[in-house]
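Encoded as structure tokens, the structure appears first; notes follow it.
The values are calculated or read from the model by the stated rules, or taken from the named source; none is laboratory data. None of these values were measured; they are calculated from a predicted model. Neighbour counts are summed over all protein chains in view; Cβ atoms, including those assigned to glycine, are modelled from backbone coordinates with ideal geometry.
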Amino acid sequence: MAQWWQILLGLWTVMSTVTGDKPVNICMNAKHHKREPGPEDKLFLECVPWKDNACCTFTTSWEAHLDELLFFNFSMLHCGLLTPVCHKHFIQAVCLHECSPNLGPWIQLVVPNRQEEQVQGVPLCLEDCEEWWEDCRSSYTCKSNWHSSFHSSQEKNHCPAQAPCRPFPDYFPTPSDLCEKIWSNTFKASPEHRNSGRCLQKWFEPTQGNPNVEVALHFANSASAWKLSYTLTSFSLYLLLHS
């Protein structure tokens, strides 16, 4: 028993230095993602920040800029044109989702026992949510969740009969509502600021490096440390009860 306690003490000592076991440079297993991240000679406009290490191809980056999102079978025109500044935020969000190799800590299976993956709860920085909401205040939509309850015909989505087109703030009263509800909690509104190392930016200046790498490492290591702490605590209790 003394030997077990010595081993356990050693594990507790090194726990804080353990590297996270969740991949932080990975592409999710989804229809339009590459199998592995890597450089792309060309990416379109708002997707350019990921060209040095991307999970998307040029074609995907181009499609992200269309009013009709072909890979989602979704029309941005269901309540008329979005304002250009509003549409730009959606393009950036799609580029982050399709191109970023730094979403590993938030990847999960769409359905258990299947291979297809999605992300949930990706923490967007405070400014990203606030600016997105502010720039979309004068645009219109008819639903707070763009993943569900739209009518579809001719491969396009249409507003349900009892869902009138209204300004964004009617469906998204706060920036957090917009970030979290728009795509079924794909994103989470973080209280942290840009460059804090604790939240992801949906766009960044390509010449200044990718700040989301540090964020992914932080969350991967935090998750790993919690898991190890839980395991060691349980083992400690077991030893106490059986000593």
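Only a single criterion out of (1) within 27 Å of Asn102 (Cβ to Cβ); (2) in contact with a Ser or Thr (Cβ under 8 Å, 6 or more places away or on another chain); (3) crowded, with 18+ Cβ neighbours inside 10 Å is not satisfied by Phe71, namely (3).
Just one of the listed residues (Asp135, Asp177) is more than 29 Å from Arg35 (Cα to Cα), surrounded by 15 or more Cβ atoms within 10 Å (Cβ to Cβ) and within 17 Å of the chain's Cα centre (by Cα), namely Asp177.
Please count how many residues of region 63-88 are β-branched (Val, Ile, Thr) and assigned to a loop (DSSP other than H, G, I, E, B).
Looking only at that region, the number is 1.
Restricting to region 65-119, and then to whatever is of a type in the set (D, E, K, R) and closer than 18 Å to Arg35 by Cα, can you tell me which residue is modelled with the highest pLDDT?
Let us first name the residues in region 65-119 that are of a type in the set (D, E, K, R), namely 67-68, 88, 98, 114, 116-117.
With the extra rule that they be closer than 18 Å to Arg35 by Cα, the set shrinks to 98, 114, 116-117.
Working: Glu98: 96, Arg114: 68, Glu116: 85, Glu117: 92.
Taking the candidates together, the pick is Glu98.
Is it the case that region 27-35 has a residue that's in contact (Cβ under 8 Å) with a residue 12 or more places away in the chain, farther than 25 Å from His147 by Cβ and either part of a loop (DSSP other than H, G, I, E, B) or in contact with a Phe, Trp or Tyr (Cβ under 6 Å, 6 or more places away or on another chain) (or both)? No. Filtering region 89-134 to residues that are in contact with an Asp or Glu (Cβ under 7 Å, 6 or more places away or on another chain) and either aliphatic (A, V, I, L, M) or part of a helix (DSSP H, G or I) (or both) leaves His89, Ile91, Gln92, Cys95, Ile107, Leu109, Val110, Leu126. Among the residues of region 74-114, count how many are of a type in the set (A, V, I, L, M), touching a Cys at 6+ places or on another chain (Cβ under 9 Å) and surrounded by fewer than 18 Cβ atoms within 10 Å (Cβ to Cβ). Adding up the residues that qualify gives 1. A single entry from Glu192, Glu127 fulfils the requirement of being in contact with a Leu (Cβ under 9 Å, 6 or more places away or on another chain) and of a type in the set (Asp, Glu): Glu192.
Looking only at region 1-60, how many residues end up being at pLDDT 55 or above, under 30 Å from Val111 (Cβ atoms), surrounded by 13 or more Cβ atoms within 10 Å (Cβ to Cβ) and basic (Lys, Arg)? Number satisfying all stated conditions: 1.
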